[in-house]
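Student: Let me begin by handing over the structure; questions about it come next.
What follows draws every value from the coordinates through simple rules; no lab data is involved. Remember, it's a predicted structure, so these values are computed and weren't measured experimentally. For neighbour counting, all protein chains shown are included, and Cβ atoms are generated from backbone atoms with ideal geometry for every residue, glycine included.
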Amino acid sequence: MTQTPRSPQVGIIMGSDSDLPVMQQAADILAELAVPYELTIVSAHRTPKRLYDYAQTAVERGLRIIIAGAGGAAHLPGMVAAITPLPVIGVPVKTKALSGLDSLLSIVQMPAGVPVATVAIDGAKNAGLLAAQILGSADPQIREAIARYKRDLESVVIVKAAQLEQPDP
Ligand SMILES: Nc1c(C(=O)O)ncn1[C@@H]1O[C@H](COP(=O)(O)O)[C@@H](O)[C@H]1O
């Protein structure tokens, strides 16, 4: 399991290593914001016992939020949410056959009582940001890192707008 040095607060899981190019974006933004995370592969379909153990021990291992990404018949986020009391953010991973609409609908259409906060198809970066924002609501250091990130985002757009508005020499 890939881990940052401090005890992880966010668990990032995915159904297959083929999801890694997408799910790595959640890890990257958490690293940028200095939020400790762990990252591994867990599948409701292929490793049901591992899924149960992961979700069942998440709280005692110190996790505060779980980001779960999967493609196709993406049952992983919902099954994790069924087992753990922690908030779960679902990432629908784009598929070849149905462009990720299958993943999106599998994750977003949860029955009442078992929510999964679902981001856009391949929206792993936003999943990481959302996890940091949830943690930041009770952690001033993370909140400040998010505020800094937003200021940077704004500056980039302002600079681009200024370049665009400049008359041709
Ligand atoms: N949707 C799930 C689950 C699950 O929901 O438990 N486990 C694997 N998968 C998905 O199957 C797709 C194809 O997997 P492979 O590339 O390994 O064949 C992946 O996007 C994975 O998330």
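Student: Provide a single number: the residues in the stretch 52-78 that are in contact with a helix residue (DSSP H, G or I) (Cβ under 6 Å, 6 or more places away or on another chain), part of a helix (DSSP H, G or I) and among the aliphatic types (A, V, I, L, M).
Tutor: Result for the stretch 52-78: 1.
Student: Among the residues of the stretch 43-60, is there at least one that is basic (K, R) and within 13 Å of the chain's Cα centre (by Cα)?
Tutor: no
Student: Further question on the same structure: Quick one: which residue in A81, A145, A112 is assigned to a helix (DSSP H, G or I) and closer than 22 Å to Q56 by Cα?
Tutor: Exactly one residue qualifies, and that residue is A81.
Student: For the stretch 99-133, give me each residue that is free of Cβ contacts under 8 Å to residues at least 40 places away in the same chain, of a type outside the set (A, V, I, L, M), surrounded by 16 or more Cβ atoms within 10 Å (Cβ to Cβ) and within 15 Å of the ligand (Cβ to nearest atom).
Tutor: Within the stretch 99-133, G100, D102, S103, S106, G123 qualify.
Student: Among (1) among the β-branched types (V, I, T); (2) in contact with a strand residue (DSSP E or B) (Cβ under 8 Å, 6 or more places away or on another chain); (3) not in a loop (DSSP other than H, G, I, E, B), where does I29 come up short?
Tutor: Checking I29 against (1) among the β-branched types (V, I, T); (2) in contact with a strand residue (DSSP E or B) (Cβ under 8 Å, 6 or more places away or on another chain); (3) not in a loop (DSSP other than H, G, I, E, B), the one that fails is (2).
Student: Taking only pairs six or more apart or across chains, which ones have beta-carbon atoms under 7 Å, a first residue in the stretch 64-79 that is at positive phi, and a second residue that is surrounded by 23 or more Cβ atoms within 10 Å (Cβ to Cβ) and not in a strand (DSSP E or B)?
Tutor: G72/S103
Student: Pick from T57, T84: which is crowded, with 16+ Cβ neighbours inside 10 Å, more than 13 Å from the ligand (Cβ to nearest atom) and not aromatic (F, W, Y)?
Tutor: T84
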